[in-house]
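In what follows, a single structure is set out as structure tokens and then discussed.
Since every read-out is calculated from the coordinates, none of them should be taken as a lab result. From a predicted model like this one, the values you see are computed outputs, not experimental measurements. Don't worry about glycine lacking a Cβ; one is built from the backbone with ideal geometry, like all the others, and counts go over all protein chains shown.
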Amino acid sequence: MNAHGSVEVSMNVFELLTKIPRQIIFLVIAVAVATPLIMPIGMPVNVMPKSKMLFQAIDTLGPDAKPVLISCDFDPQSMPELYPMLISILRHCFARDVKVMLMALWPQGPGLVELALDEVPGTYNKVYGKDYMFLGYKFGVSAVLLGMGENIKRVFPFDYYGTPLDSIELTRNVHNYDDLSLAISLSTGDPGWRQWLLYAQSRYSASVGVGVTAVSAADVYPYVETGQVIGLLAGMKGASEYEIMVQNGDYSDGIRRAVQGMDAQSLGHLVIMVFIVLGNIGYFVMRRKK
Amino acid sequence: MNPSPDPWVWFAAFLTLCIFSFLYKDNIFYQFAEHLFVGISAGYLIAITYHNQIYPNLVVPLFFEGRILYIIPLALGLFYFARFIPRISFLVRIPIAFLLGWGSGVFIPAIFQRDILRQTQGTLLVQEAFEKWDTGLWAVVILIGVICTLIYFFFSRERKGIIKPMANLGIIFLMLGFGASFGYTVMSRISLLIGRMQFLLGDWLGIIQQ
């Protein structure tokens, strides 16, 4: 092969880099994600200050504290990121004997809440109505959150299972946001954390913590800086950080789904970065050729 | 390997693979799963809205408890359907006007408080921010970022003099913001894939512990 031929071959390689079939890219990413799930690498997870802030807000509470309200404003699509947050926060609250109320602003939320309630309270011998309860789903976010600022029992006269709130021990003395230690919105979009800030925080000065999918995380940052949000869990990384903190605090040794996924997350990112670099090398070389 | 004995898990795995098959190309399996999802979602939403909202908040008070005032929200709701009858389609303006009036009254002060007052307050340099050197530094960076980005969107003056470098700095801040958002978006999409992989390899095939 002469010099002209070898230059042509290298040019073809660079052209190929700009035209990698998407099916190949998907396949490589799938392998990169699946492999560390089967054979974990155990990459370290550093806890970020914003996640720590939410953890500490709950860690200061005890059996005599007002209940924590968790709003599950997400659907099964966001489960990989938000469900581990829900499980970890429930474990943390129950381990510290903090009472928990749950609700949903998304119609798919109740199914996910029930899934979590099947899994966690039994481990800590918690009793429904005494240690935790579920308000259910309510349509019409503005009216719901504003109404809860006045009187929760007018918005949710009954719990999810049809029991009047007045006859439930946990909610007997809960009237509005003033009777809650903290409200946490695990949110995947609208309605979600924005409305909790808009109504519960801005209007009624409720303490609001937020857990969001990574897509929304950058939008929440300014509100954490101003103190409008007391702590933030961002995506699967945030969930894994909370799982680590809950385990380090000896609150739970249960399965940590998000931590399990972080190796796959890192390797997936690495592969994407490699593809971005390769594509750019091919693009710039081909552009110089032209 | 310990595959699930639950037929519903197998059906869910089949639907997941149907959706993934779109990554190769559009096909009948993907279309089947997509249509099934849309149909079930719509049905679920209608059922849960009726049982959680319409029945307890309208049907019970109006028809079982005889609270006649509830006829007003019922009428307002029904007026939305007036659009389908040209002769009385003007009635739809009543609930829309009601909603707009109520919405503006509720939203404007709350958004002003959440996004303008508190955010401006957070941007101002206060003494507490300088109690530690790093928080002080970041407070200054945030202030510069906000001012330069605002100047970039200030189109009433020609970009020359001090305005030009500040607007250019604003672009850098914007690009950093977009980069952070895009990075988080990639992270989120990979998380969705991880979730499905955990289901396929854990719940379905039993290869990994769940």
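A compact table of results
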| item | result |
| --- | --- |
| Residues whose placed amide H lies under 5 Å from that of A:PHE134, excluding near-sequence neighbours | A:LEU102, A:TYR160 |
| Entries in A:LYS237/B:LYS164; A:LYS50/A:LYS126; A:LYS50/A:LYS138; B:LYS132/B:LYS160 that, when Cα-Cα distance is taken, lie over 32 Å | A:LYS237/B:LYS164; B:LYS132/B:LYS160 |
| Length-normalised contact order for segment A:138-273 - Cα pairs under 8 Å, 6+ apart - percent | 16 |
| Cα gyration tensor of chain B - equivalent ellipsoid semi-axes, whole Å, descending | 44, 37, 20 |
| Whether segment A:101-141 is rounded, prolate or oblate, judged on the alpha carbon gyration tensor where a/c under 1.5 counts as rounded | oblate |
| D (Stokes-Einstein, µm²/s), Kirkwood Cα radius, segment B:124-210, 1.002 mPa s at 20 °C | 129 |
| Residue of A:LEU54, A:LEU180, A:LEU198 that the Gaussian network model of chain A assigns the largest fluctuation, springs spanning Cα pairs under 10 Å | A:LEU198 |
| Virtual spin-label span in nm between B:ILE19 and B:ILE172, 7 Å along Cα→Cβ | 4.2 |
| Choice from A:MET236, A:MET148, A:MET43 with maximal GNM fluctuation in chain A (Cα, 10 Å cutoff) | A:MET43 |
| Choice from A:ILE272, A:ILE24, A:ILE70 with maximal GNM fluctuation in chain A (Cα, 10 Å cutoff) | A:ILE24 |
| Extension gain from B:VAL38 to B:LEU150, taking 0.36 nm per residue of separation minus the Cα-Cα distance | 36.1 nm |
| Range of Cα positions in the protein assembly as shown per principal axis (Å), largest first | 95, 70, 64 |
| For segment B:126-168, convex hull volume per residue from C-alpha positions, Å³ | 73 |
| Given charges at beta-carbon only (K, R positive; D, E negative), |dipole| of chain A in Debye | 980 |
| Whole-Å distance, taken between Cα centres, linking segment A:206-225 and segment B:74-129 | 23 |
| Unit charges at the beta carbon, dipole of segment B:124-210: most positive-side option, B:GLN198, B:ILE162, B:THR185 | B:ILE162 |
| Folded to 0 to 90 degrees: helix A:109-119 orientation relative to chain A principal axis, Cα | 80 |
| Relative contact order (%) - criterion: Cα under 8 Å, at least six apart; region: chain B | 24 |
| Total charge dipole magnitude, the protein assembly as shown, about the Cα centre, Cβ charges on Lys, Arg, Asp, Glu only, Debye to nearest 20 | 1840 |
| Reachable aspartates and glutamates, given that their alpha-carbon falls under 12 Å from the alpha-carbon of A:LYS52 and they are not under 8 places away in the same chain | A:GLU241, A:GLU243 |
| Crossing angle, helix A:235-248 versus chain A [Cα axis fit, 0-90 degrees, rounded to tens] | 60 |
| Along each principal axis, Cα extent of segment B:1-120, largest first, Å | 60, 50, 34 |
| Eligible aspartates and glutamates near A:LYS130 by straight Cα distance, threshold 15 Å, same-chain separation 8 or greater | A:ASP64, A:ASP97, A:ASP159, A:ASP166, A:GLU169 |
| Around B:ARG114: net Lys/Arg minus Asp/Glu count, Cβ-Cβ under 10 Å | +2 |
| Local electrostatic count, A:GLY282, Cβ distance below 14 Å [Lys/Arg +1, Asp/Glu -1] | +4 |
| Alpha-carbon centroid distance for the pair segment B:51-70 / segment A:166-196, whole angstrom | 25 |
| Cleavage-rule hits (trypsin sites (Lys or Arg not before Pro)) in segment A:18-78: DSSP loop, at most 14 neighbouring Cβ within 10 angstrom | A:LYS19 |
| Per-residue Cβ neighbour rank within 10 angstrom, fewest leading, A:ASP263, A:ASP190 | A:ASP190, A:ASP263 |
| Chain B: DSSP helices with Cα axial extent of at least 30 Å and average Kyte-Doolittle hydropathy no lower than 0.0 | B:28-49, B:163-198 |
| Low-density loop positions, trypsin sites (Lys or Arg not before Pro), segment B:133-210 - DSSP coil, at most 12 other Cβ in 10 Å | B:ARG157, B:LYS160 |
| Per-q log10 I(q)/I(0), segment A:229-270, q = 0.17, 0.23, 0.26, 0.27 Å⁻¹ (Debye; single scatterer per alpha-carbon; no solvent) | -0.49, -0.78, -0.89, -0.92 |
| log₁₀ of I(q)/I(0) at q = 0.13 Å⁻¹ - segment A:49-255, Debye sum with one point per alpha carbon | -0.62 |
| Amide N of segment B:61-83 lying under 16 Å from the label point, which is placed 7 angstrom from the Cα of B:ILE96 along Cα→Cβ | B:76-83 |
| Computed label-point distance, nm, for sites B:LEU137 and A:VAL285 using a 7 Å Cα→Cβ extension | 3.9 |
| Net dipole in debye of segment B:124-210 [+1 Lys, Arg Cβ; -1 Asp, Glu Cβ; about Cα centre; nearest 20] | 460 |
| Inter-label distance, nm, simple model (7 Å from Cα along the C-beta direction), A:LEU115/B:PHE130 | 5.1 |
| Segment A:49-255 - percent relative contact order, Cα under 8 Å, separation 6 or more | 29 |
